[in-house]
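The values are calculated or read from the model by the stated rules, or taken from the named source; none is laboratory data. What you are looking at is a predicted structure, and each value in this text was computed from that prediction instead of being measured. Quick reminder, even Gly has a Cβ in these numbers, built from the backbone with ideal geometry, and neighbours come from all protein chains shown.
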Amino acid sequence: MPDSRASSSRLDPSRLKAAKGLITPSDRWVKGAWLFRDETLLRLAVLLDEAFRVPFTRIRFGIDGIIGLLPGLGDVIAGMLSLVIPLAAWSRGIPYVTLLRMGVNLALDVLIGSVPVLGDVFDIAWKANRRNYRLMQRHLGEPRRHTWRDWAFLLAFGCAMALVFAVPIVALAWLLLWINQHIII
């Protein structure tokens with residue numbers, strides 16, 4: 001027997017009145033849409049990678065390089081801020097090969113950026129957010145069209161991952177052979 005209280009007006013979503021400032025499920029994406037606009041994403045990329053200039057030089061850096069100066073946590077925080085652009089690209093339907101490139105750009109930025117001093121220099125030179133924004137714009141302008149660079153990158157990434165996984169296996173095999181030849185049981 002169905003519960004008569006389940007269909008009461010207090011549980012009926014069509015009868016709920018939104019309080020001022022409260023985001024209801026129907027307009028959740030409307031309220032957050034400003035974050036994924038091209039202008040906002042471009043401003044975010046510039047803020048993270050190129051907002052400031054070293055005086056009397058052409059060297060530009062953003063808050064990614066500044067936040068990265070905090071040991072350990074700085075690059076993680078900057079990396080979390082940088083996730084907005086790939087997330088926006090994913091929500092716009094960017095192909096997975098491009099999302100993979102964006103992820104690798106971001107991973108390199110966070111991993112190499114976490115090395116003290118040299119990582120901060122890398123952050124300033126690499127500009128992962130600008131790269132990811134350009135990748136997203138290129139694929140929005142030419143949907144479903146991959147260049148040879150996309151596929152070459154994917155192939156190089158696959159080979160690098162195979163090498164990363166192969167090195168420990170080869171090292172272990174070499175160690176076992178060495179132990180077998182030098183230790184008499």
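For the stretch 97-115, the criterion of a residue being of a type outside the set (V, I, T) and loosely packed, with under 11 Cβ neighbours inside 10 Å is satisfied by no position.
S91: over 18 Å from K127 (Cβ atoms), in contact with a helix residue (DSSP H, G or I) (Cβ under 9 Å, 6 or more places away or on another chain) and among the polar types (S, T, N, Q), yes or no? So S91 fits the description; yes. Taken together, the criteria exclude P86 from residues that are farther than 30 Å from I66 by Cα, surrounded by 15 or more Cβ atoms within 10 Å (Cβ to Cβ) and assigned by TED's automatic domain parsing to the domain that holds L48. State yes or no: is L81 surrounded by 15 or more Cβ atoms within 10 Å (Cβ to Cβ), at pLDDT 85 or above and either out of contact with any strand residue (DSSP E or B) (no Cβ under 7 Å at 6 or more places or on another chain) or assigned by TED's automatic domain parsing to the domain that holds R138 (or both)? Yes; evaluated as a whole, the condition is true for this residue. The helices (runs of 4 or more DSSP H) located wholly in the stretch 72-185 that include 1 or more residues which are of a type in the set (F, W, Y) occupy 84-91, 96-113, 118-126, 128-141, 148-182.
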